[in-house]
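Report on one structure; see the data block that follows.
The values are calculated or read from the model by the stated rules, or taken from the named source; none is laboratory data. None of these values were measured; they are calculated from a predicted model. Note that we place each Cβ from the backbone using ideal geometry, even for glycine, and neighbour counts take in every protein chain shown. SASA here: full protein model, heavy atoms, side chains in, ligands and nucleic acids out. Shrake-Rupley method; radii C 1.70, N 1.55, O 1.52, S 1.80 Å.
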Protein chains: 2
Amino acid sequence: MLKLIDPSLNADVLHALKSMGHGDELVLCDANFPADSVARHTVLGRLLHMDNVSAARAAKAILSLLPLDHFVDQPALRMEIAGQPDEIPPVQAEVQSEIDRAEGKSWPMGSIERMAFYERARKAYCVIRSGERRFYGCFLFKKGVVSPDVSF
Amino acid sequence: MLKLIDPSLNADVLHALKSMGHGDELVLCDANFPADSVARHTVLGRLLHMDNVSAARAAKAILSLLPLDHFVDQPALRMEIAGQPDEIPPVQAEVQSEIDRAEGKSWPMGSIERMAFYERARKAYCVIRSGERRFYGCFLFKKGVVSPDVSF
């Protein structure tokens, strides 16, 4: 346990979040996603785990540290439901709430078709698998920057 | 860069701080300490680096995350000056200020003779070498706990 750090973030996840830089992408996936096989294509090359927590709980913890990229319009993406690309299921609405809370404003996610998501995920920095069992609990977050004006 | 996290804490240091548990000890040493040879005896087994920062700057960053152990009277120790065990040089007074600030109260460090420090350091969880060039910039911090009442 550490001060300030959400306890659902383990040491390996912390290491990865810190190692990422501006524009690097992180995949937060659900329990059915082919996480290990995709993760082996990523920069990190091995799967990270946030076991036994929902997608929203994992997103909340990650976004407590990871700034989203304000250089792009849609730094967060959700996987589209096959045949219903505009439908936003509860698992995705919950993550949207965590994004809005972390950023202090409404910032709707973009969306990406399932096969395109797989392709983009392979180019990410890393994949973190949550314990989310609801379908389409898969997201992509692009890392932003912290201003030199922020003091620690 | 991450929100909340002092940028002087690199990914490997973050990983170690998170991996430590209650009662584990961390050595923060200066640039002259036999850091690598001691670190190879520690639990982690390899040296960690906080290059180009003073002992006080490193202590401030570490203690922004690491709680000190309230189960013992002296969770922080300083290396005694040879022949002047009660003398507190500026490099140690500066670290004392960071301890007091992090803990919100005056909590004087204990002290330990140089050779005894080396011996105890080999049993620590890890050694972190700062860029501190002043002599006797060597400290030992025992990790404490974070209450379940703290929310994230």
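What the table shows:
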| read-out | value |
| --- | --- |
| Accessible area of region A:1-145 belonging to carbon and sulfur atoms, whole % at 1.4 Å probe | 50 |
| Dipole axis of region B:33-142 (+1 Lys, Arg; -1 Asp, Glu on Cβ), positive-most option in B:Ala39, B:Ser111, B:Pro90 | B:Ala39 |
| Column: log10 I(q)/I(0), Debye, Cα scatterers of chain B, q = 0.09, 0.19, 0.20 Å⁻¹ | -0.25, -1.20, -1.35 |
| Lys, Arg +1 and Asp, Glu -1 on Cβ, resulting dipole of region B:79-135 about Cα centre, debye, nearest 20 | 320 |
| Accessible surface, per residue, of the protein assembly as shown when the full set of protein chains is kept, probe 1.4 Å, Å² | 45 |
| Between region A:1-72 and region B:57-119, the Cα center-to-center distance that results, in Å | 34 |
| Simple Cβ-charge dipole of region B:33-142, Lys/Arg +1 and Asp/Glu -1, about Cα centre, in debye nearest 20 | 400 |
| Buried solvent-accessible surface, both chains (B, A), 1.4 Å probe, Å² to nearest 100 | 2700 |
| Given A:Lys143/B:Lys142; A:Lys18/A:Lys142; A:Lys18/B:Lys105; A:Lys105/B:Lys60; A:Lys60/A:Lys105, the pairs whose alpha carbons are separated by over 24 Å | A:Lys143/B:Lys142; A:Lys18/B:Lys105; A:Lys105/B:Lys60 |
| Charge context of B:Ser130, other residues only, Cβ under 15 angstrom, K/R +1, D/E -1 | -2 |
| For the protein assembly as shown, the fraction of alpha-carbon pairs in successive 10 Å shells from zero, as % | 6, 26, 29, 19, 13, 6, 1, 0 |
| Within chain B, helix-based [θ] at 222 nm, where runs of 4 or more DSSP H residues each add -39,500 (n - 2.57), nearest 500 | -9000 deg cm²/dmol |
| Sequence of B:Ile5, B:Ile88 when ordered by accessible area, the most exposed leading, probe 1.4 angstrom | B:Ile88, B:Ile5 |
| Heavy atoms of A:Tyr136 accessible to a 1.4 Å probe, total area in Å² rounded to 10 | 50 |
| Rounded D (µm²/s) - region B:1-62, Kirkwood Rh over Cα pairs, Stokes-Einstein at 10 °C, 1.306 mPa s | 126 |
